[in-house]
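The values are calculated or read from the model by the stated rules, or taken from the named source; none is laboratory data. Because the structure is a prediction, the values reported are computed rather than measured. Heads up, the Cβs are rebuilt from the backbone with ideal geometry, glycines too, and the neighbour counts pull from every protein chain shown. Accessible surface is based on the protein model in full, side chains and every heavy atom, while ligands, DNA and RNA are left aside. Shrake-Rupley method; radii C 1.70, N 1.55, O 1.52, S 1.80 Å.
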Amino acid sequence: MVTDIFKRPLQALRISVIDACNFRCNYCMPENEYPRNYKFLKKKERLGFPEILRLTRLFVELGVDKVRLTGGEPLLCRDLPELVKELAQIPQIMDLSLTTNGWFLAEQAKALKEAGLNRLTISLDSLNPELFRKISGGKGTLEKILKGLQVAREMGFTPLKINVVVQRGINDSELLHLVEYFRRPEYIVRFIEYMDVGTLNGWRLDQVVPSQEIITQIEKKHPLEPIGGNYGEVAKRYRYLDGQGEVGFISSVSQPFCGSCNRARLSAEGKFYTCLFASQGLDLQKLLREGASDAEILQSIRKCWQSREDRYSEERTDQSSDQSSDQVKPKVEMYHIGG
Ligand code: SF4
């Protein structure tokens with residue numbers, strides 16, 4: 001197992017299989033920055049499935065046992081079940097999951113399950129159809145996503161994780177509605193503090209709703225108790241005392257968790273990023289396509305991780321996160337590395 005400067009092991013790999021997305025969520029890919037005809041990577045500019053497989057096998061040799069497929073919107077890759085099938089056959093991968101906006105879920109859930117996918121996370125920021133549409137940049141309809149959830153459950157994907165990015169003044173007034181709707185064992189809602197990912201979502205600290213505020217709100221109606229988490233787990237988990245399942249909180253702003261961050265990211269064009277807020281990545285596609293050997297690529301990844309000292313969320317300052325200032329830290333855009 002390879003560890004970084006802070007002895008954090010490389011255990012979890014997030015693979016962005018495509019940078020494109022059919023939604024334009026304001027906190028990730030704002031419509032005004034990514035118009036309808038925005039030029040995303042061409043197929044040959046992205047890693048092909050055989051390249052993703054080769055790299056994943058090398059990451060596994062370095063200790064990775066959790067793989068999450070992301071995007072952009074990964075289900076835009078209609079042949080994704082083929083990749084899932086291959087990845088599911090790598091014995092060291094104990095957990096193979098996928099994050100999606102749910103738009104193509106009704107059509108693809110069956111094939112993903114049969115291919116060997118273990119878990120699904122769906123981004124859903126509102127149960128108000130108009131607000132849902134607005135947050136998705138006018139692209140999504142809530143009904144279609146709820147249909148996708150139903151089919152995914154029927155295919156045996158339970159519990160389904162529901163990621164809610166909480167933005168003050170946008171969807172913070174309906175959090176209890178989301179809690180009530182998904183408060184059953186087959187769902188786990190995770191409230192995510194809005195983050196200054198990338199450089200384009202216009203993030204400000206006063207738009208963040210600290211998780212503790214949400215916990216207090218929920219506890220007025222439904223008492224909670226904390227559940228211990230696993231090393232590297234991002235969410236702080238709580239169970240409802242009345243047995244109606246659990247709820248999670250990802251608090252990168254108010255309670256950073258860099259200390260146990262064991263996550264790496266592979267972008268759609270094959271760059272290896274050691275942090276969600278990194279400025280640059282190691283170009284593994286170049287190594288692959290220039291004919292580097294497995295040993296050479298392994299050594300490059302190992303060296304890169306061993307010199308890793310990322311802990312952006314712990315170091316976040318007004319300057320580094322103020323996207324309007326020229327001192328803002330250049331950061332990779334989230335849709336390139338899938339959160
Ligand atoms: S800010 Fe970077 S180092 Fe910290 S938890 Fe997030 S990805 Fe890990």
*Given (1) more than 23 Å from the chain's Cα centre (by Cα); (2) open to solvent by less than 60 Å² (accessible area, probe 1.4 Å), where does Gly232 come up short, assuming only one miss?*
(1)
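I'd like the full set of residues that are buried (at least 21 other Cβ atoms within 10 Å of the Cβ) and out of contact with any Cys (no Cβ under 6 Å at 6 or more places or on another chain), limited to the stretch 72-95. Please lay out each step first, then the result.
Let us first name the residues in the stretch 72-95 that are buried (at least 21 other Cβ atoms within 10 Å of the Cβ), namely 72-75, 77, 80, 83-84, 87.
Within the stretch 72-95, Pro74, Leu75, Cys77, Leu80, Leu83, Val84, Leu87 meet the criteria.
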*asked:* Can you find a residue that is buried (at least 16 other Cβ atoms within 10 Å of the Cβ), away from the ligand (no atom under 13 Å from the Cβ), among the small types (Gly, Ala, Ser) and modelled with pLDDT of 95 or more anywhere in the stretch 207-214?
replied: yes
*Residues of the stretch 126-178 satisfying the condition of being open to solvent by 40 Å² or more (accessible area, probe 1.4 Å) and at positive phi*: Gly169
_For the stretch 172-225, which positions are within 18 Å of Thr121 (Cα to Cα) and of a type in the set (Ser, Thr, Tyr)?_
Tyr181, Tyr187, Tyr194
*If the Cβ limit is 6 Å and pairs must be 6+ apart or interchain, which residue in the stretch 236-262 that is under 15 Å from Ile162 (Cα atoms) pairs with which residue that is open to solvent by 50 Å² or more (accessible area, probe 1.4 Å) and away from the ligand (no atom under 15 Å from the Cβ)?*
Tyr238/Pro226; Gly245/Arg184; Gly245/Pro185; Glu246/Arg237; Glu246/Arg239; Gly248/Arg237
_Residues of the stretch 253-307 satisfying the condition of being acidic (Asp, Glu) and open to solvent by 50 Å² or more (accessible area, probe 1.4 Å)_ = Asp283, Glu290, Asp294, Glu296
*Starting from residues that are more than 18 Å from the chain's Cα centre (by Cα) and assigned to a strand (DSSP E or B), keep the ones in the stretch 244-286 and report whichever is nearest to the ligand (Cβ to nearest atom).*
Leu282
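Would you please name the residue that is nearest to the ligand (Cβ to nearest atom), looking only at residues in the stretch 287-307 that are hydroxyl-bearing (Ser, Thr, Tyr) and in contact (Cβ under 8 Å) with a residue 12 or more places away in the chain?
The initial filter retains those residues of the stretch 287-307 that are hydroxyl-bearing (Ser, Thr, Tyr), namely 293, 300, 307.
Right, trim to in contact (Cβ under 8 Å) with a residue 12 or more places away in the chain and you get 300, 307.
Working: Ser300: 20, Ser307: 14 Å.
Among those residues, the one meeting the criterion is Ser307.
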